[in-house]
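The values are calculated or read from the model by the stated rules, or taken from the named source; none is laboratory data. Because the structure is a prediction, the values reported are computed rather than measured. Here Cβ is always computed from backbone atoms with ideal geometry, including for glycine, and neighbour counts include all displayed protein chains.
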Amino acid sequence: MHIPEDLLSIPEAEALFRGRVHAHSIRRWIARGLGRPPIKLRAIRLGRNFFMSRAALDEFLTATADPEQYRRRQSTERNERAKQRLMSAGA
């Protein structure tokens, strides 16, 4: 199986934290997220393994540091997508 070079496996992501974060925590961030409402780490699943980009990991860490800014950005992005769908539908 060929994995793109820019994707990190869970052990590779764990190594970036130099022992401060366990692989199980990263799996939990992917599956259940962190906080209420949960902010999830975006990852893809290939077989039994999860992979994430460095950008997704950075986004997750930034979002958990300032959840309100993240939620405002997500809301704005949802609104923009809805406007684009309406415009493409002719509304």
* Asked: Among the residues of segment 22-31, which ones are loosely packed, with under 14 Cβ neighbours inside 10 Å and either in a loop (DSSP other than H, G, I, E, B) or touching a Leu at 6+ places or on another chain (Cβ under 6 Å) (or both)?
  -> 22
* Matching residues in segment 35-46 - criterion: being closer than 20 Å to residue 8 by Cα and more than 9 Å from the chain's Cα centre (by Cα) -> 44, 45, 46
* Sole residue being surrounded by 14 or more Cβ atoms within 10 Å (Cβ to Cβ) and modelled with pLDDT under 90, chosen from 41, 34, 8 -> 34
* Structure fact -> Across segment 47-63, the tally of residues that are more than 11 Å from the chain's Cα centre (by Cα) and either at pLDDT below 90 or loosely packed, with under 13 Cβ neighbours inside 10 Å (or both) stands at 2
* **Subset of segment 70-91 (residues that are surrounded by 11 or more Cβ atoms within 10 Å (Cβ to Cβ) and over 15 Å from the mean Cα position of the chain (by Cα))** => 72, 83
